[in-house]
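The values are calculated or read from the model by the stated rules, or taken from the named source; none is laboratory data. Everything numeric here is computed off the predicted structure, so don't read it as measured data. FYI the Cβ positions are ideal-geometry reconstructions off the backbone, even for glycines, and counts take in every protein chain you see. Each accessible area value is taken on the protein alone, full model and side chains, heavy atoms only, with ligands, DNA and RNA left out. Shrake-Rupley method; radii C 1.70, N 1.55, O 1.52, S 1.80 Å.
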Amino acid sequence: MPRMTMIEAIRSAIDISMERDGKVVVFGEDVGYFGGVFRCTAGLQQKYGKTRCFDTPISELGIVGTAIGMAAYGLRPCVEVQFADYVYPAYDQIVSEAARIRYRSNGEFTCPIVVRMPSGGGIFGGQTHSQSPEALFTHVCGLKVVVPSNPRDAKGLLIAAIEDPDPVIFLEPKRLYNGPFDGHHERPVTPWSRHPLGDVDAGHFTVPLGKAEVRRQGSSVTVLAYGTMVYVAEAAAQETGIDAEIIDLRTLLPLDLDCIVESVRKTGRCVIVHEATLTSGFGAELAALVQEHCFYHLEAPVGRVTGWDTPYPHAQEWDYFPGPARVGEALVRAMEA
Amino acid sequence: MMDDFPPLSLHVPEPEVRPGGTPDFSNVPIPKAGSVPRPPVDVDPRDIRDLAFSIIRVLNREGEAVGPWSGLLSDEALLEGLRHMMTLRAFDARMLMAQRQGKTSFYMQHMGEEAVSCAFRKALEPGDMNFPTYRQAGLLIAGGYPMVDMMNQIFSNEADPLKGRQLPIMYSSKEHGFFSISGNLGTQFVQAVGWAMASAISNDTRIAAGWIGDGSTAESDFHAALVFASTYRAPVVLNIVNNQWAISTFQGIARGGAGTFAARGLGFGIPALRVDGNDYLAVYAVARWAAERARRNLGPTLVEYVTYRVGAHSTSDDPSAYRPKDESEAWPLGDPVIRLKNHLVRRGAWSEERHRQAEAEVMDSVIVAQKEAEKHGTLHSGGKPSVRDMFEGVYAEMPPHLRRQRHQAGV
Ligand SMILES: Cc1ncc(C[n+]2csc(CCOP(=O)(O)OP(=O)(O)O)c2C)c(N)n1
Ligand SMILES: [Mg+2]
């Protein structure tokens, strides 16, 4: 099987989707000739022509708004917002329009679009290249929200998202583009070529939306994570020696509640980890669900390790980023309770 | 009959040349220096619509200042302007190198665009407020902001006035009329209009200046700025820096079917001028004209500076992937530093030798500032802003939940 970085896997997913379905169109800022600032669409304009893969004016509202119109016509736009931090000008189009068109037209019009965007920190990007805005989308009815953690999933999930009949927000943790990252920024970078999840089928396959994956089997405590935090949790389990079961949620909405409940009922403990800020973050939803469904199995309060409730700072990146030490402490606390 | 119509096809604009091609700016008409008239500031915008399609230029090929927009600046003022531009260029060179050495994470340079912000700053009065983008550090240099403080911010060190919170070059200085830079494009343009409206509401005398790049004019903030400025006749100068590129995207993508970016102002009834952005004298003259209009309560002016981004977009970019390597050399408006130098030589106020000397002096002053800044640390070594600073300043008063989190973080 070929080895791919997450960038190559995303490109392969888009390429295959464009090849299989002439209705798939791809656009965004610097996406066409140059192939995207992270190179996720490199070569696609050459291959499919500039009316199927093109550069847009710098207007996120325009990108998503035209995608919605194209979807109403019958195309399947897969658009890029250059950084998740820049999606806000498009927020109205996503929230008030894309998310509700099926409902308000009683299915007469639909909105099968994918909005891809790099998210998360770990690259010294400061407050405008580091955000994790997933909760702003999971709070909106009508959207699906996906956060892959590795090349194989990224490809399978993106193909599934493009083929999905409803709008999908696809958040790509940029710190994972070139290799897994466990928060040990002082150590050399591991490339995907040395990680088993860098093995990606060259052809068409999907990873279904709404299915989580257990990344590490364990019996003592369940860790709910997604994106970069999956690797941070793995490092924390290893460093504390705690037999954690680590679940990579992969899709936040729809959520694989069965997988979560089964695990927490088994371990009796749960720690939730995300990079986004704490207050009203997706962890709050997860904690509420675990409490509702697993209350009589819980032996410790449900813990949350997240980014602090401040804008993402530049110099204090590693004080902000919830690294393995903070996750490890939370695991120990859950075990001691 | 439907049969009469051939099938539709989508128009996607392309630049004239791509890597491998020969740079060609023959499609950029360059009017002769001195050929564009200078209307009175209270002109009816409808009478100067053609200024949105021309280019106001003062310096000609021979280095002379000609025409109705010339004659505003003394030798001393021009020498000072030259020094500001040279300082900005030397500052950029040192900070680019510092980024390569890992002393900071990121940098954006101004190469080729120095005249725009350096000359504009001299047309403002103390108390006026700029709402800049990341490519107007000349406003600070020409405004007397200490280079050491700029560097402290770039290095995110213990003396960083912004406490390490912001990406390098996202400066802020109220005292120097420089609003906090946002990484989100376009947002500041409409805020400039609001500041100007506030000044008018308060019967003040101060004016505002908004700044935006060619690419970013596509954001809705730009259009909202124009309609508010037009409706309330806000005392604001609205500046578009057209450096031909928005990362890898050529200006035709944002401009669309409009002949020029300046022409965007016409539909709003806002006087719109295009100016040679590589001509210090022309930039100053137009800036002063627009600033005077604002100060006389005549309302907003839209100015397009025609220039060229010689360097990469940022330290994360390599332009050879999307434009010919030698495109900047073919740029017909030349280099702003060399053009002003030649003019001063021609005036008898400067010489090649003094210029070389000045280059060395300017570089020395930048190096001295850098040494001073580095005493306070660089991004990964030496003095740092404290972790406490991360929690401070989110609110005027820290709410209990943040206090709890700060405690949890052990600071
Ligand atoms: C809202 C938003 N969208 C996208 C970006 C990413 N981005 C940063 S700079 C840039 C190009 C801006 O080009 P232009 O406005 O021409 O300014 P220039 O860099 O040429 O000075 C882009 C797309 C951003 N910072 N903010
Ligand atoms: Mg530009």
In the range B:2-22, is there at least one residue being surrounded by 13 or more Cβ atoms within 10 Å (Cβ to Cβ) and in a helix (DSSP H, G or I)?
no
Looking at (1) within 14 Å of another protein chain (Cβ to nearest Cβ); (2) crowded, with 16+ Cβ neighbours inside 10 Å; (3) touching a residue at least 12 places away in the same chain (Cβ under 8 Å), find the lone condition where B:L344 falls short.
(1)
Output yes when any residue across the range A:127-137 is away from every other protein chain (no Cβ under 14 Å), in a loop (DSSP other than H, G, I, E, B) and either on the phi > 0 side of the Ramachandran plot or aliphatic (A, V, I, L, M) (or both), and no when none is.
no
Hey, A:S193 at pLDDT 95 or above, of a type in the set (G, A, S) and not in a loop (DSSP other than H, G, I, E, B) or not:
yes
Boolean, B:T301 is more than 16 Å from ligand 1 (Cβ to nearest atom), polar (S, T, N, Q) and touching a strand residue (DSSP E or B) at 6+ places or on another chain (Cβ under 7 Å)
yes
Report yes if B:Q370 is open to solvent by 70 Å² or more (accessible area, probe 1.4 Å) and away from chain A (no Cβ under 14 Å), otherwise no.
no
Answer from B:P399, B:P385 - the residue that is in contact (Cβ under 8 Å) with a residue 24 or more places away in the chain, open to solvent by less than 40 Å² (accessible area, probe 1.4 Å) and within 14 Å of chain A (Cβ to nearest Cβ)
B:P385
So the strands (runs of 3 or more DSSP E) completely within the range B:232-315 holding 3 or more residues that are closer than 24 Å to B:G183 by Cα are B:236-242, B:301-306
(1) assigned to a loop (DSSP other than H, G, I, E, B); (2) within 25 Å of the chain's Cα centre (by Cα): which one isn't true of B:E80, the others all being true?
(1)
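Just checking: which of the helices (runs of 4 or more DSSP H) contained wholly in the range A:250-337 hold 2 or more residues that are within 17 Å of the chain's Cα centre (by Cα)?
A:282-294
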Which listed residue is more than 25 Å from A:A325 (Cβ to Cβ), open to solvent by less than 40 Å² (accessible area, probe 1.4 Å) and among the β-branched types (V, I, T), from A:T306, A:T267, A:T251, A:T228
A:T251
Those residues of the range B:240-255 which are within 7 Å of ligand 1 (Cβ to nearest atom) and among the aromatic types (F, W, Y) amount to B:W245
From the list B:G269, B:G210, B:G265, B:G257, which residue is free of Cβ contacts under 8 Å to residues at least 24 places away in the same chain and either away from ligand 2 (no atom under 16 Å from the Cβ) or closer than 19 Å to B:D128 by Cα (or both)?
B:G257
Would you point out which residue out of A:R216, A:R187 is over 15 Å from A:V146 (Cβ atoms), of a type in the set (K, R), open to solvent by 50 Å² or more (accessible area, probe 1.4 Å) and in contact with a strand residue (DSSP E or B) (Cβ under 9 Å, 6 or more places away or on another chain)?
A:R216
With B:A208, B:A200 as the choices, which residue is away from chain A (no Cβ under 14 Å), farther than 30 Å from B:V12 by Cα and surrounded by 22 or more Cβ atoms within 10 Å (Cβ to Cβ)?
B:A208
Report, ordered by the first and then the second residue, all pairs with beta carbons closer than 7 Å, sequence separation of six or more or different chains, a first member in the range B:144-162 that is surrounded by fewer than 24 Cβ atoms within 10 Å (Cβ to Cβ), and a second member that is at pLDDT 95 or above and basic (K, R).
B:E158/B:K384
How about the range A:36-65: which of its residues are away from every other protein chain (no Cβ under 11 Å) and either of a type in the set (A, V, I, L, M) or within 19 Å of B:E14 (Cβ to Cβ) (or both)?
A:T41, A:G43, A:L44, A:Q46, A:K47, A:Y48, A:V64
For B:N152, state whether it is within 14 Å of chain A (Cβ to nearest Cβ) and assigned to a helix (DSSP H, G or I).
yes
B:N184 meets each of (1) away from chain A (no Cβ under 11 Å); (2) assigned to a loop (DSSP other than H, G, I, E, B) with one exception, condition (1)
Within the range B:213-245, how many residues are farther than 21 Å from B:N130 by Cβ and either within 16 Å of ligand 2 (Cβ to nearest atom) or buried (at least 24 other Cβ atoms within 10 Å of the Cβ) (or both)?
3
Test each condition in (1) more than 11 Å from chain B (Cβ to nearest Cβ); (2) over 14 Å from A:L224 (Cβ atoms); (3) open to solvent by 10 Å² or more (accessible area, probe 1.4 Å) for A:T277 and report the one that comes out false.
(1)
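For A:R39, state whether it is closer than 28 Å to A:G107 by Cβ, assigned by the TED database to the domain that holds A:I14 and open to solvent by 10 Å² or more (accessible area, probe 1.4 Å). Can you show your working first?
Details: closer than 28 Å to A:G107 by Cβ: no; assigned by the TED database to the domain that holds A:I14: yes; open to solvent by 10 Å² or more (accessible area, probe 1.4 Å): yes.
No.
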Quick check on my filter: what residues within the range A:104-123 are closer than 18 Å to A:E172 by Cβ and open to solvent by less than 30 Å² (accessible area, probe 1.4 Å)?
A:I113, A:V114, A:V115, A:R116, A:M117, A:P118, A:S119, A:G120, A:G121, A:G122
Test: A:E285 is in the same structural domain as A:V332 (by the TED database), under 24 Å from A:L136 (Cβ atoms) and open to solvent by 20 Å² or more (accessible area, probe 1.4 Å):
yes
Picked from the range B:105-125 (must be within 14 Å of chain A (Cβ to nearest Cβ) and either open to solvent by 10 Å² or more (accessible area, probe 1.4 Å) or charged (D, E, K, R) (or both)), the residue farthest from ligand 1 (Cβ to nearest atom) is B:S105
So which residues in the range B:165-181 are facing another protein chain (nearest Cβ under 10 Å), over 15 Å from the mean Cα position of the chain (by Cα) and open to solvent by less than 40 Å² (accessible area, probe 1.4 Å), if there are any at all?
B:Q166, B:L167, B:P168
